Amino acid sequence: MAEETENSNDEALEDGQEAEEGGLNMKKIIMFVVLPLLIIGGGGAAAYFTGALDSLTGKEMECGTVKEGDEDFSKCMEAGLIVIDESKPGEFLEIPSLIVNLNSPGQQPRFLKISIKLELKNEKDKVKMSNILPRVVDQFQTYLRELRTDDLRGSSGIYRLREELLARVTAAAPDIDVKDVLFQEVLIQ
């Protein structure tokens, strides 16, 4: 009888080890088969829904109907399927004439009278710029008061003035697309 009990204990131990190995095999299957399949499937779904696989799936952008501001507009521009006609003028906004004292080294005061128009991309930008025009004029006044007459000599002086004013209007209104600063009148006295 003792032998029988010993045999049944051995069988029970073997069955327990087999059950333990079966559980271990199931964990291995989950870890090395199911989990990688879930990761690959999730990554593939993410790539598909973000548009990363569009070139492989044959999905093409519809650049014929896309408008500026749409999601695919910049992609169509990069692909060269949309060309913006930069030759057509934008909207023009006139800045009131500015008269400022120049920074002059002598006793004789020097003045600058300047009339400027801003070329903006569209009518919407023109309305936005009109609302913040006092800020732009302030930026211009602050810069122009520090100029000397030598700073404005020749075409290179006017070119530098244009670049500086464009930088200041862009700083004053960063969300507005300013195409150019156009001089209507520049008078140094």
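General remarks:
- Förster-model FRET efficiency, 45 Å R0, Arg135 and Phe49, C-beta, rounded to 0.05: 0.60
- A simple count of charges around Arg162, restricted to other residues whose Cβ falls under 15 Å of its Cβ and scoring Lys, Arg +1 and Asp, Glu -1, yields -1.
- Annotation: amide H-H contacts under 5 Å for Asp177 (H modelled 1.01 Å from N, sequence separation of 5 or more, or interchain): Lys121.
- Estimated inter-spin distance, Leu98 and Asp180, nm [label 7 Å along Cα→Cβ]: 1.9 nm
Each reported figure results from applying straightforward, stated rules to the coordinates on display, with no laboratory input. Remember, it's a predicted structure, so these values are computed and weren't measured experimentally. We place every Cβ from the backbone using ideal geometry, glycine too, and count neighbours over all the protein chains shown.
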